[in-house]
1. Out of every Cα pair in segment 49-121, what percent are spaced more than 21 Å from each other?
2. Within the set of other residues whose C-beta is less than 13 Å from the C-beta of Val289, count the net charge using Lys and Arg as +1 and Asp and Glu as -1.
3. Under a crude label model (7 Å from the Cα following the beta-carbon direction), how far is Thr319 from Ala174 in nanometres?
4. Taking all protein chains as present, what is the carbon and sulfur share of the accessible area of segment 370-446, in % to the nearest whole number, probe 1.4 Å?
5. What ³J(HN,Hα) values, in whole Hz, does the Karplus curve 6.51 cos²θ - 1.76 cosθ + 1.60 give for segment 439-456 when θ = phi - 60°, with x put for Gly and Pro?
6. Please sort 152-161, 410-419 by packing, taking for each peptide the average over its residues of neighbouring beta carbons within 10 angstrom, highest first.
7. Please report, to one decimal in angstroms, the Kirkwood hydrodynamic radius of segment 99-159 built from all distinct Cα-Cα pairs.
8. Quick check on my link table: of Lys82/Lys259; Lys64/Lys133; Lys133/Lys259, which ones sit more than 27 Å apart, alpha carbon to alpha carbon?
Amino acid sequence: MRQRLGIIITIVLAIGVLVAINSAAYVSEEKEQESEFYPNRSTYSGGATGTRAFHDLLNESGYKVMRWREPPDRLLGVSGQKVQTFVIIGRPKIPVNEEEAKSLLLWVERGGRLVIIDRRPEDSLLPRSGEWKVTTEYLEFPIAVDPGSSEQMTQGVKPVSPAQPTLLTRDVEAVMPSRFAAAIKVFSLNKETKKGSNKKSAGDGSVEDEEEDFSGGTDEPSPAPGASPTAIVADASPAPVVHLATPGGPLLVDYPHGKGRIMLLSEPFIIANGGIALKDNLQLVINLVTSSDGLIAFDEFHQGRGTTHNAFVGYFQGTPVLAICGQIILLILLMLWTRGRRFARALPLARIDRRSSLEFVASMAELQQRARAFDLAIENIYSRTRRVLARYAGVDYNSPRREIAERIAARSTIKAHELETLMRQSEEAINGGGISERQSIQLVKRLREVETILGLRMRSRQEKQAAQNI
């Protein structure tokens with residue numbers, strides 16, 4: 001017990017030392033300041049560049065919203081059947097790879113709506129729509145300004161009015177983008193091909209290779225006022241529809257892809273916590289994500305909050321708890337290894353004699369019982385009892401029964417006649433007198449009672465046998 005107590009005390013002291021060392025050596029990481037260079041567009045973020053305010057407002061307003069923390073290919077499975085709108089906000093911390101982009105676009109082809117709110121989204125997320133191609137470009141590269149200051153973010157910017165009345169601009173008079181809003185470029189690939197052919201036929205330098213920009217709209221007829229640009233009909237035009245536009249280019253366009261639609265807003269400041277309260281920014285993004293009934297899923301997987309990450313590790317990340325746990329596990333493994341290691345030659349196992357001395361007695365008793373040799377059993381017991389009785393009476397072993405009985409009766413409470421009768425019956429049974437199993441048991445029982453009354457001690461061997469039998 002003392003050895004175990006010492007081990008326990010040693011373990012407790014070791015753990016205490018580890019905790020003290022890790023606590024003293026721990027230096028808390030300074031929280032990275034949010035900026036337009038390193039924004040945090042997660043719906044968990046309450047900072048100026050985060051989108052928690054919009055997510056919480058939708059949730060409290062009764063809209064069906066969720067945070068999507070699984071890979072995009074799960075949208076094609078059972079878990080994505082209820083999702084109608086998938087929202088990607090800002091340049092994510094984990095880039096969308098080609099396979100994930102294919103899964104998203106396949107989900108859109110089946111009837112989903114993909115909302116992208118980013119100044120420079122991945123090209124793989126903006127597929128061609130017929131002959132039309134959509135991309136973005138920066139008008140002013142973000143500089144070191146305070147994203148929480150609406151004055152600095154909107155310095156020199158005028159409110160933007162809708163380009164035409166649509167469902168996405170319903171109840172929107174003007175929105176306030178930031179000075180870093182990107183412009184959406186919509187151009188026709190077929191017209192670029194024709195330009196290239198004309199340039200080749202005219203010779204070198206005869207025709208300039210210019211990109212035909214459709215910043216203010218497209219050559220396709222615009223939808224009638226009040227019509228739903230997101231309604232899918234069989235003969236719907238593949239041309240993107242412009243809903244908001246600045247002098248530098250459109251801010252909001254949408255276009256069909258399969259049975260679904262892709263909506264692109266090139267200014268995340270409109271939905272961010274620091275800018276959503278300006279003008280009709282809130283109404284615009286509500287129209288954008290609720291244009292279709294159903295569940296709205298905000299992408300958190302690419303914001304670094306996927307369910308593939310261990311919840312326990314994520315909870316204690318940045319604290320000394322993980323290091324302490326690792327060192328404790330290493331200490332336990334070291335102790336197990338040292339206690340299991342042999343430091344000398346192997347000691348032979350102690351040989352234990354598992355044979356009981358009563359085995360012989362039990363075997364002989366069973367043999368005599370099967371052979372019905374009750375006389376032999378009584379002889380084994382009576383010969384020993386007569387010997388101790390003669391010793392108790394102080395006479396020779398071969399003395400007559402009467403003499404032994406009278407001497408014992410004189411020294412004890414046993415009657416001489418009863419003892420002599422018992423001895424005579426036992427000797428008659430030994431000498432071949434007829435006796436049954438029950439009578440033999442009664443004789444043996446009476447002999448044991450006589451030994452008990454006289455207080456005759458058994459031999460040491462018999463005492464050990466009795467102890468083993470107990």
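The values are calculated or read from the model by the stated rules, or taken from the named source; none is laboratory data. Here the structure is a predicted model, which means the values were calculated and not measured. Backbone-built Cβ (ideal geometry, glycine too); neighbour counts: all protein chains shown. Ligands, DNA and RNA are excluded from the accessible area calculation, which covers all protein heavy atoms including side chains. Shrake-Rupley method; radii C 1.70, N 1.55, O 1.52, S 1.80 Å.
1. That fraction is 29 percent.
2. Residues near Val289 contribute 0 overall.
3. Going from the Thr319 label point to the Ala174 one covers 4.9 nm.
4. Summing carbon and sulfur atoms, their accessible area is 45 percent of the total for segment 370-446.
5. Karplus values, whole Hz, x for Gly and Pro: 5, 5, 5, 5, 4, 4, 5, 5, 5, 5, 5, 5, 4, 5, 5, 7, x, 6.
6. Listed from highest to lowest mean packing, they are 152-161, 410-419.
7. 14.6
8. From the list (Lys82/Lys259; Lys64/Lys133; Lys133/Lys259), the Cα-Cα distance tops 27 Å for Lys64/Lys133.
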